[in-house]
Structures are given as structure tokens and as C-alpha cells.
1. Please verify whether A:ASP68 is more than 8 Å from chain B (Cβ to nearest Cβ), without any contact (Cβ under 8 Å) to a residue 24 or more places away in the chain and in a helix (DSSP H, G or I), treating the condition exactly as stated.
2. Applying the selection to region A:46-66, what residues are of a type in the set (Val, Ile, Thr) and surrounded by 15 or more Cβ atoms within 10 Å (Cβ to Cβ)?
3. Listed residues A:LEU50, A:LEU16; which is near DNA strand C (Cβ under 10 Å from one of its atoms) and either facing chain B (nearest Cβ under 9 Å) or of a type in the set (A, V, I, L, M) (or both)?
4. So, of the residues in region A:71-90 that are within 15 Å of DNA strand C (Cβ to nearest atom) and not in a loop (DSSP other than H, G, I, E, B), which turns out to be nearest to the chain's Cα centre (by Cα)?
5. How about region B:19-40: which of its residues are within 18 Å of B:GLN92 (Cα to Cα) and either loosely packed, with under 14 Cβ neighbours inside 10 Å or near DNA strand C (Cβ under 9 Å from one of its atoms) (or both)?
6. Given the criterion in contact (Cβ under 8 Å) with a residue 12 or more places away in the chain, more than 10 Å from DNA strand D (Cβ to nearest atom), at the interface with another protein chain (Cβ under 7 Å from one of its Cβ atoms) and surrounded by 14 or more Cβ atoms within 10 Å (Cβ to Cβ), identify the matching residue among B:CYS43, B:CYS80.
7. Just wondering, is there one or more residues in region B:21-40 that are in a helix (DSSP H, G or I) and touching a strand residue (DSSP E or B) at 6+ places or on another chain (Cβ under 6 Å)?
8. Within region A:19-32, take every residue that is more than 7 Å from chain B (Cβ to nearest Cβ) and out of contact with any His (no Cβ under 8 Å at 6 or more places or on another chain) and give me the one that is nearest to B:THR99 (Cα to Cα).
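Computed from the coordinates by the stated procedures, all read-outs in this text should not be read as laboratory data. What you see is a predicted model, and the numbers here were worked out from it, not measured in a lab. Note that each Cβ is placed from the backbone with ideal geometry, even for glycine, and that neighbours are counted across all protein chains shown.
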Protein chains: 2
Amino acid sequence: MGATKTEHFTDRQNQLATLAKALGHPARVAILDYLLKVDVCICSDIVNELPLAQPTISQHLKELKNADLIKGNIEGNSICYCINEKELEVFQTYFTNITDKMKIKKSTCC
Amino acid sequence: MGATKTEHFTDRQNQLATLAKALGHPARVAILDYLLKVDVCICSDIVNELPLAQPTISQHLKELKNADLIKGNIEGNSICYCINEKELEVFQTYFTNITDKMKIKKSTCC
DNA sequence: AAAGTATATTGTAATATTGCAATATTAAAA
DNA sequence: TTTTAATATTGCAATATTACAATATACTTT
């Protein structure tokens, strides 16, 4: 078969996996890094910055947008992409919960 | 044409992407959830807990192990899997850096 | 040693992702 | 209105992932 069996997992597990998956490519990490580094964030800048062709970057931006990790505003001719703080917080919360539990839990084995 | 161009990105970007990718499947999130919930962590328990066949789970465990997010100790007949706190901290650190920068950075656009 | 139990590996089909050339769309500038 | 610039979409080839049946391995118990 080959397709992920999302229906068998909880909404939280699926959402966390979706967010992680969106971060799961170095180009998309690099895009987030770049959006954090610069003040102005136009797509063509990203194309110049990264070693990938324009359609490929457009695709990665689309995936980050689908995961709601970034938002894009049309600015005349070009598009201003920004990080979506809220969704990053959702991810952060999930993730912090896991690491907090980890700290509480005494390593009883391994 | 089809393979990720890892060589063009920084080690940090690649490592962060690798860790995120390992978390990027609901079954693997569920495995981590389970390892956090229970005290004893035997592979067969995971097989009973999740709605996937044994070889599929074995494969997911392998991926988590490759990403160094879990470790496995042989316990006689079975294997005791545990979360690797250290690697999770690496991920946490990367991720916290991003969200911290986010908080500092004033939203100048979007 | 033979049978049973737990986990891993192999092989394979279905599906998804990655990357890009070619092309389309949209808005600004000339 | 033609041209230019910025971004998106389409189509396709290469590769990767997901899932599992069948089988292999390794340890335990009988």
C-alpha cells in the first residue's frame, strides 16, 4: 500500500507529525532561518539565497504555507513571506510537553 | 532530480531537518508518546499498541534509532527501547533558538 | 535438540517527495 | 499596450517512504 495511515492516530499526533514533516527538509529549515535573519522577506531574495531553482523553492514555500508555518502577503509585484508565530508556538508547546515529560521521567531502563 | 541536495546546506540545517523528519510520521510520534507513558518499553508492547504490522513498526523504530532519538537494549529475548534524552535536547535547543529569535524579532511585516 | 517467542530483514507494490524545464499568471514599468 | 519582473503551476523523471507478507535470525523454554 504505501500511504500513511493517519486515521489510526490522534489529531495531536497527526498535527505534530505534519509540522515536523514540514521542517523535515534542509531547504525549508534554511528558508525559516532566512526569514528570521532578514527584515524584508521577498521570495526572489530566497531564490537568490538558496541553491535551488525557482520552481523548487516555490514548492517548498507552498509546503511551509500548507503547514501554516509561514504566511505570504502580496506586495504589489512580489510576495512578502513571514513566519507564522502562532503555529510555531503550537509546535513548541507539543515539543516542550515531550521534553518536560522526559525530564520528569526517571530513566528506569537503558 | 529527486534526491535532497543535502550538500548545499549547513550541517545544522541538515541535522535539524533529519531530526524533524524522524518526527514527521504519526506512528513515530505515537512511539515516542508510548515510550514516555510506560515504564517498561518492549518492542512487542509497541506492536500491540499501534495499528501497524510488526515489520512496519520495526522499520519506524529503525528510523528513530538512525536519527538517534531512541536507543535499544537487548534484554534476553526481546529489546528494550528508550528515548535518547540527549538527542531530543539537541532538537529542543535548535528549536528553542528559532522560537527565541522569533520573539525578539518584532513583526515588521505581514 | 525441537518448539516457541520476539525482533529484524528482504522483496515488492503503492504512494509521496524532490527537483527542474517549460509555461502560465499577475502586476509593474516603459 | 508591449515588455519586464516576480511568483505559481504543470508535467515529468528520479528517488524516497510507507506498509506488509514471507522469511530469517536469535534467544528461551521445553
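1. no
2. Result: A:ILE46, A:VAL47, A:ILE57.
3. After applying the criteria, what remains is A:LEU50.
4. Step one: list which residues in region A:71-90 are within 15 Å of DNA strand C (Cβ to nearest atom), which gives A:72-80.
Add one more test, that the residue is not in a loop (DSSP other than H, G, I, E, B), and what stays is A:72-75, A:78-80.
On the way: A:GLY72: 14, A:ASN73: 18, A:ILE74: 20, A:GLU75: 23, A:SER78: 22, A:ILE79: 18, A:CYS80: 17 Å.
Filtering first and then ranking leaves A:GLY72.
5. Across region B:19-40, the qualifying residues are B:LYS21, B:GLY24.
6. Numbers: B:CYS43 fails: at the interface with another protein chain (Cβ under 7 Å from one of its Cβ atoms).
From the options B:CYS43, B:CYS80, the qualifying one is B:CYS80.
7. Let us first name the residues in region B:21-40 that are in a helix (DSSP H, G or I), namely B:21-23, B:26-37.
Those left that are additionally touching a strand residue (DSSP E or B) at 6+ places or on another chain (Cβ under 6 Å): B:35.
Yes: one or more hits.
8. Ranking the qualifying residues of region A:19-32, first place goes to A:LEU19.
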